[in-house]
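Asks: The structure follows.
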């Protein structure tokens, strides 16, 4: 996995996964699969532009929201993250690229400056959370447990 900080407001992480494109796409877009590997309960999922999902953190008064701005069957998902605990939005673009033996997943984040004084805080949060998310996605897509065996309950 590689992490590139291309500017104080631009973060890119890449991960190679030994699975086919359809498996990785399904893990990213199917509600049951999202719930199975994300490690935080995924609620109110709606596919396509204008849709999105929420993550509800158990034991905390906190919700993270993702609204889709790009839903491209050519393996791209874009959107905006917003938070109940901070003001601002982070833009995210996720791109799947077919490579020999699998898929490269690239996630780019921008717009950290919208958080003002909290810019460094949210940048660090996205750096660590996105790395962990890619590790979970990789483990899920390469092992492919049935979604019904690995779901986290929604509370």
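Asks: Which ones in the range 1-53 are assigned to a loop (DSSP other than H, G, I, E, B) and within 18 Å of residue 140 (Cα to Cα)?
Replies: Once the filter is applied, which keeps residues that are assigned to a loop (DSSP other than H, G, I, E, B) and within 18 Å of residue 140 (Cα to Cα), the range 1-53 yields 1, 18, 19, 20, 30, 38, 39, 40, 41.
Asks: Take the conditions within 15 Å of the chain's Cα centre (by Cα) and in contact (Cβ under 8 Å) with a residue 60 or more places away in the chain and apply them to residue 31. Does it pass?
Replies: When the stated conditions are applied, residue 31 does not pass them.
Asks: What are the residues in the range 11-53 that are within 22 Å of residue 114 (Cα to Cα) and either buried (at least 17 other Cβ atoms within 10 Å of the Cβ) or modelled with pLDDT of 90 or more (or both), if any?
Replies: 11, 12, 13, 52, 53, listed by residue number.
Asks: Right, something else. Condition check: part of a strand (DSSP E or B) and modelled with pLDDT under 95. Does residue 140 satisfy that?
Replies: no
Asks: Give the number of residues within the range 47-69 that are in contact (Cβ under 8 Å) with a residue 12 or more places away in the chain and farther than 18 Å from residue 126 by Cβ.
Replies: So the answer is 8.
Asks: For the structure I just gave you, tell me whether residue 117 is out of contact with any strand residue (DSSP E or B) (no Cβ under 7 Å at 6 or more places or on another chain), outside any loop (DSSP other than H, G, I, E, B) and under 20 Å from residue 3 (Cα atoms).
Replies: Here the answer is no, as residue 117 does not meet what is asked.
Asks: When only residues in the range 82-117 that are in contact (Cβ under 8 Å) with a residue 24 or more places away in the chain and within 11 Å of the chain's Cα centre (by Cα) count, which is surrounded by the most Cβ atoms within 10 Å (Cβ to Cβ)?
Replies: Result: 105.
Asks: On to the next question. I need a count of the residues in the range 56-75 that are at pLDDT below 80 and surrounded by 15 or more Cβ atoms within 10 Å (Cβ to Cβ).
Replies: 1
Asks: Go through (1) within 29 Å of residue 143 (Cα to Cα); (2) at pLDDT below 95 one by one and return the number of the condition residue 107 breaks.
Replies: Of the numbered conditions (1) within 29 Å of residue 143 (Cα to Cα); (2) at pLDDT below 95, the odd one out for residue 107 is (2).
The values are calculated or read from the model by the stated rules, or taken from the named source; none is laboratory data. Quick caveat, the model's predicted, so the values are computed rather than measured. Quick reminder, even Gly has a Cβ in these numbers, built from the backbone with ideal geometry, and neighbours come from all protein chains shown.
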